[in-house]
Structures are given as structure tokens and as C-alpha cells.
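A short worksheet on the structure shown next.
The values are calculated or read from the model by the stated rules, or taken from the named source; none is laboratory data. What you are looking at is a predicted structure, and each value in this text was computed from that prediction instead of being measured. Glycine gets a Cβ as well: all are built from the backbone with ideal geometry, and neighbour counts include every protein chain shown.
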Amino acid sequence: MPSYVYLAIVATAGTILNTLMRYQDIAHHDNALVLLYFCVAAAALNIPHVRIEHGRLSLTGIAGVAAALLLNPLDATTVGLASSVSLVGRGVYPIVSNAVFSATINFLGSIVASDFRASGQLALAPRILVVLVCIGANLVLLLLAFRIRQGDSVRRVTRKTFTRSFFVAFAYFGLASLLVSYVLDGSLLGYFLATIVFVLALALTDTIAGRRVRRVLESELSDADRHLFHSRAVEGVVHNLRNHMANAVGYLKEVDPRRLDPVDRESIETATAAATDAVTVLQSLSQGATPRVAYAAEPVDLNELITRALGMARPRARTKEVQLALRESPDEVSVHADPLLLREVITNLVNNAIDAAPANGHVVLRAGRRGNGWPYFSVTDDGPGIPDDQRHHLFEPHFTTKEGGTGLGLFMSFGIVREHQGQLLFEGNRRGAVFTVILPPFGG
């Protein structure tokens, strides 16, 4: 809901400003064919995209900034709205947010261009200023949107999203839009040259996206190979662990909760439930190092799972004075999964995060949907993070960065998530760890 309130505020402000700047539209009539060309180009350039940390990066900004340079404010706004036509089928929020942000960015750039255009032809310096205004407006609007929708701090969103490659892409967009604004003069040759610029941009984006996908696949394949190789390492201890846990469950069940005060009764019930889950997991592990997934017939709600995991982790967090935070998704985040095994994964990740966080540190559990619509949950801590030279050992058995750790938690979690046809990703850095689990949606 806060995201849509933010969009409504931006859209209302844009509508009011467009009304106030109506005199600019009257003073500068645009060629209808040029307007139509930009609308089609903006929608077409919005189809291919490159996935980034938060959302997606498309080429529609090239057509949008060029439109801001050449068209009056109302027509530039129209081009921004038209860019969302190609997003039909991706969900309400992507369509609405793209339309509102693109229209607002184009409008602001066109206002600046109109002021210079009133005194004659746009020189290079004013054109560059318009490009910078559009890029700056884009960054501010996106930063606020990510802050509101994802719940991350401004510092974290800035660090994770506005990377070097992100700014390089925007610089390229600016140069391409400048070139289009010079060659598109209403002639047939102008349309031809502008189209060539757009096609070259598409080719470059496809190359960048291909390289990124290849790097991701290579990393996932490497993790999967290591997991398969080491999975046999844990099979020998499963039987003994199962027997020990079964004994613990038996003794816990002999405790009469009626003789306990409410606090102790709740602790015993929580311990019994956790131990019972552990026995069930060990029983499934007796068939191999990676448990067999018993999919629930009903959808599994990630919000409910992380809420329960947070409650079970509070005693551990209190011992270390670590603050736990929960950020549930306002959207439905139901997955096709084995709830018992997913609870095991969440528990492993949360316990690791609490252990990694400093005294009086923070651990955040979050659920939501990725840009492709797949549900996810993530566990974030503000600990020391994972050094780059240790990143490729994360999912190996017995690898651990904490004193007294067994190094089996992440190893087991990786196997469970893989059996769910999902992904367990490390997305942190040296100033904290972020582990994200992405799962197929229920019925998807």
C-alpha cells in the first residue's frame, strides 16, 4: 500500500504541473509523426532488460530523454506513459510505476528543454543539462521507490543498486539520447539513423544480459557441483544423530507441562516442536544427504514461515542482544514447498545471521517477490560479511567462518532449496551478509 500511495503522490504532482505548464504545449506544437515514433520506440525499448539488484534496467530511457529534448512537456509525458504498453502481463505495480516514473522524468526534462528552446535552438550544453536532469530525477524517484517498497535503508539501496555498471549504463543512455536528438529531424534519413541508434543499443543490452546470465549460471553450476560432491560426506553421521534426537524428544515428552509455569511451558513446547522437526528431517536424510521433498497440497505462505522462525529465534537473539526485525510482504507470497524443510532452511539462515551479527546488532527477515514474480525470503545481518576469497566455499560441508561452527547449515540448506527447484544466493558483502532464497510460486 505505501508504494501505491507514493505513486499516487508522484502522479498527482505530475498532473498538476502539466496543467500549469500548458502554455509550453501551446507555444511548441510537435509533429504527430515524431510523437508516434517516440511512443513506439519507448514501448519497444522497454521489452529487453537486464536484471539488477532491485528491479530491471531497460533502454526506454534513451527514447524518453530524447523525447524530453525534442517534444513539449505534454507530449514528452505521453511518451513516458506509452512506454508501459509493452509491460502488460507483468503485473499491476510494474506497469503503473513505470508509467508514472517515465512520464514524470520526461516531463521534468522537457520543462528544462522548453526554457532553453524558447530562446532559440538547443545548444550542446543545454542538452547535456536536460540529460542530467532526467538521470537525476530517475535516480531520486527510484531510490525513494526502493526505500518504500523494499524497506531497505537509503544507504543500503544506494550501495546495492547504484553500482559502477549502473552509472555506466546511464551514461550510455545519455549519449545515445543526445545522438538521437540530433539526427531525428523529421526527415526519412533522420528516422533511419535514430532507428539504427536504438538497434545498436538493443544489441549492446543483449550482450550485457547474456554475459550476466552466463556468470550467474556458472556460479550456480559450480555451487551445485560442489554440493553434489560433498553430499555424501554427511550420510555417515545421520543415523547416530537421529537416534540422539529421538532420545531427546522422548525425554521432552515425559515432562508434564501442567506442572510448569506459562513461560517454562512455552519453552518446553517450543523445544519439543524443534526437536520433533529435527527428527523428521534426519529421518528423511537417512535416505541420502539431500532430503526428499514432500510437497504440501496447499500453498505455503512465506510470511507465516518467517514469522514463526523469528519467534523461535528470539531466545538465541536475546542471549546476544541482537535485535530481530520482520518485514512481511504486502503481496501474496505462496510457494509450492515442503514447509518442514523450508523451516529448517530459515532456521539455519537466521541462526547463522544471529551468530554473525555483533552485540546489539541487527538481523532482518524479509519476504517479497522478485522482478520475475517468484517469491523469495531473505535474511540480512550487519556482521563482518564474507570475504571474496571465501565466497566459493560457502556451500561446502564443514566450511564455517565462526568458532565452534559445524559448517553443515548452509550445506544442507543449499540442498533443500535445490530440491525445491529454487535458488539459495549469497548477496552480501564485507559489511554484512544477505542470504536470499528464491522459490517457484504455487501453481507456477
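Report yes if ILE111 is in contact with a Pro (Cβ under 8 Å, 6 or more places away or on another chain), at pLDDT below 85 and in a helix (DSSP H, G or I), otherwise no. Judged against the criteria, ILE111 is not a match.
Can you tell me which residue is nearest to ALA8 (Cα to Cα) among those in the stretch 59-105 that are part of a loop (DSSP other than H, G, I, E, B) and not β-branched (Val, Ile, Thr)? This residue is GLY91.
Residue pairs whose Cβ atoms lie under 6 Å apart, sitting 6 or more positions apart in sequence or on different chains, and linking a residue in the stretch 347-375 that is of a type in the set (Asp, Glu) to a partner that is at pLDDT below 90, are ASP355/LYS402. Listed conditions (1) surrounded by 18 or more Cβ atoms within 10 Å (Cβ to Cβ); (2) under 20 Å from the mean Cα position of the chain (by Cα); (3) modelled with pLDDT under 80 are all met by ARG117, apart from (2). Suppose we filter LEU305, LEU349 for residues that are within 19 Å of GLY409 (Cβ to Cβ), modelled with pLDDT of 90 or more, under 21 Å from the mean Cα position of the chain (by Cα) and assigned to a helix (DSSP H, G or I); which single one remains? Sole residue among the options that is within 19 Å of GLY409 (Cβ to Cβ), modelled with pLDDT of 90 or more, under 21 Å from the mean Cα position of the chain (by Cα) and assigned to a helix (DSSP H, G or I): LEU349.
Filtered by the rule that a residue be surrounded by 12 or more Cβ atoms within 10 Å (Cβ to Cβ) and in contact with a Lys or Arg (Cβ under 9 Å, 6 or more places away or on another chain), the stretch 1-23 gives SER3, TYR6. Quick check on this structure: which one of VAL249, VAL238, VAL255 is in contact with a helix residue (DSSP H, G or I) (Cβ under 6 Å, 6 or more places away or on another chain), farther than 30 Å from PHE442 by Cα and at pLDDT below 75? Every option except VAL238 fails the conditions.
Out of curiosity, is SER153 under 30 Å from GLY432 (Cβ atoms), in contact with a helix residue (DSSP H, G or I) (Cβ under 8 Å, 6 or more places away or on another chain), modelled with pLDDT under 75 and not acidic (Asp, Glu)?
Details: under 30 Å from GLY432 (Cβ atoms): yes; in contact with a helix residue (DSSP H, G or I) (Cβ under 8 Å, 6 or more places away or on another chain): yes; modelled with pLDDT under 75: yes; not acidic (Asp, Glu): yes.
Considered against the rule, which asks whether it is under 30 Å from GLY432 (Cβ atoms), in contact with a helix residue (DSSP H, G or I) (Cβ under 8 Å, 6 or more places away or on another chain), modelled with pLDDT under 75 and not acidic (Asp, Glu), SER153 comes out as yes.
Report yes if VAL322 is surrounded by fewer than 23 Cβ atoms within 10 Å (Cβ to Cβ) and of a type in the set (Val, Ile, Thr), otherwise no. No: the conditions fail for VAL322.
Return a yes/no flag: does the stretch 333-353 have any residue that is among the hydroxyl-bearing types (Ser, Thr, Tyr), surrounded by fewer than 18 Cβ atoms within 10 Å (Cβ to Cβ) and farther than 23 Å from PRO384 by Cβ.
Looking only at the stretch 333-353, we keep the residues that are among the hydroxyl-bearing types (Ser, Thr, Tyr), and these are 334, 347.
Subsequent filtering for residues that are surrounded by fewer than 18 Cβ atoms within 10 Å (Cβ to Cβ) retains none.
No, because not a single residue in the stretch 333-353 is among the hydroxyl-bearing types (Ser, Thr, Tyr), surrounded by fewer than 18 Cβ atoms within 10 Å (Cβ to Cβ) and farther than 23 Å from PRO384 by Cβ.
Contact map, the stretch 376-397: residues that are of a type in the set (Phe, Trp, Tyr) paired with residues that are modelled with pLDDT under 75 and part of a helix (DSSP H, G or I), Cβ distance under 8 Å, separation 6+ or inter-chain. Pairs shown: PHE395/ASP223; PHE395/ARG226; PHE395/HIS227.
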